[in-house]
Amino acid sequence: MHAAMQGGPLRCVLWDVKDTLLKVRGSVGVQYSKEAEKWGLSLHPAEVDAAFRETHRCYSNRYPNYGVSQGLTGQDWWMGVVRHTLSQCRVNDPALLNTMATNLCQNFCNAENWEVFPDTKTALERCSSLGLKLGVVSNFDKRLEAILRSCGLLSYFSFLVTSEEAGVAKPSPAIFHQALQKCGTPADRVAHIGDHYVYDYLASRSVGIHGFLLDRDNSHKGDVPQEHRIVSLEDLPSHLQEHIV
């Protein structure tokens with residue numbers, strides 16, 4: 001048996017969602033510009049993307065994890081981000097900003113705004129067929145359940161742990177401890193897969209979970225042992241299978 005897997009056979013696999021199972025279709029700028037068109041406004045997607053990145057960074061610093069510890073909800077947080085992004089792109093009417101922000105927050109619950117990676121469903125099906133319990137650990141707001149349902153992915157999972165509901169975000173060990181409680185198994189019998197080197201790979205390993213890094217663009221070749229790194233979710237089941245006894 002692999003030296004790192006001495007705790008016993010795997011029983012549960014935790015999954016990151018955004019940029020692991022699915023991604024925003026097109027870009028945020030494209031989605032916001034489409035909404036603006038309905039109101040007779042012409043926005044440049046690249047400009048919107050730049051404004052969004054800056055706004056998202058500012059809000060994440062000022063109100064970490066959707067501002068839950070400061071009394072905000074995910075809805076409040078995203079409404080602020082969207083309004084501020086659009087106002088940076090010269091949308092000035094407060095009522096219109098509110099309407100567009102409300103529409104966009106609702107739109108992002110719909111499957112048409114998300115692209116499920118082609119390797120996602122096969123990997124989930126194969127992991128389920130190996131008898132593994134599947135759960136989600138994601139730095140996401142409460143809309144995640146609706147998004148996964150609309151994308152046809154919700155039924156694969158026994159539970160979801162979002163950072164908004166958990167009150168704490170990756171890379172904090174606390175969010176993984178909440179997920180482990182739902183797994184009902186010790187950390188050394190749980191695997192985690194995600195695309196972020198720190199939030200997913202290092203953070204899960206720091207609590208004793210068998211973290212795997214999804215490295216679709218081969219950017220972490222030197223940072224991660226070969227047996228912990230995959231370039232496609234299709235490779236995950238075979239990595240896990242050798243640890244299911």
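Structure above, values below:
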{"read-out": "Yes/no for residue 48 being closer than 17 Å to residue 105 by Cα, among the hydrophobic types (A, V, I, L, M, F, W, C) and in contact with a Gly (Cβ under 7 Å, 6 or more places away or on another chain)", "value": "yes"}
{"read-out": "Qualifying residue in region 2-15 (condition: part of a helix (DSSP H, G or I), at pLDDT below 95 and surrounded by fewer than 16 Cβ atoms within 10 Å (Cβ to Cβ))", "value": "yes"}
{"read-out": "Test for residue 155: is it in contact (Cβ under 8 Å) with a residue 24 or more places away in the chain and out of contact with any His (no Cβ under 7 Å at 6 or more places or on another chain)", "value": "no"}
{"read-out": "Pairs with Cβ under 7 Å, 6+ apart, first in region 48-61 and at pLDDT 95 or above, second of a type in the set (S, T, N, Q) and in a helix (DSSP H, G or I)", "value": "48/33; 48/85; 51/85; 51/88; 52/85; 55/85; 55/88"}
{"read-out": "Enumerated helices (runs of 4 or more DSSP H) restricted to region 18-113, each holding at least 3 residues that are open to solvent by 40 Å² or more (accessible area, probe 1.4 Å), acidic (Asp, Glu) and at positive phi", "value": "none"}
{"read-out": "Where a residue in region 92-112 is over 12 Å from residue 146 (Cα atoms) and its partner, wherever it lies, is aromatic (Phe, Trp, Tyr) and open to solvent by 50 Å² or more (accessible area, probe 1.4 Å), with Cβ under 7 Å and at least six apart", "value": "96/39; 100/39"}
{"read-out": "Selection from region 114-135 of residues that are open to solvent by 10 Å² or more (accessible area, probe 1.4 Å) and outside any loop (DSSP other than H, G, I, E, B)", "value": "114, 115, 116, 121, 122, 125, 126, 128, 129, 133"}
{"read-out": "Region 220-245, residues that are of a type in the set (S, T, N, Q) and under 19 Å from the mean Cα position of the chain (by Cα)", "value": "232"}
{"read-out": "Every residue from region 106-118 that is in contact with a Phe, Trp or Tyr (Cβ under 9 Å, 6 or more places away or on another chain) and modelled with pLDDT of 95 or more", "value": "114"}
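The values are calculated or read from the model by the stated rules, or taken from the named source; none is laboratory data. It should be emphasised that the depicted structure is a prediction, and the values quoted were computed from it without experimental measurement. So basically every Cβ, Gly included, is an ideal-geometry build from the backbone, and we count neighbours across all protein chains shown. The protein model used for the area step is the full one, side chains on, heavy atoms only, and it has no ligands, DNA or RNA in it. Shrake-Rupley method; radii C 1.70, N 1.55, O 1.52, S 1.80 Å.
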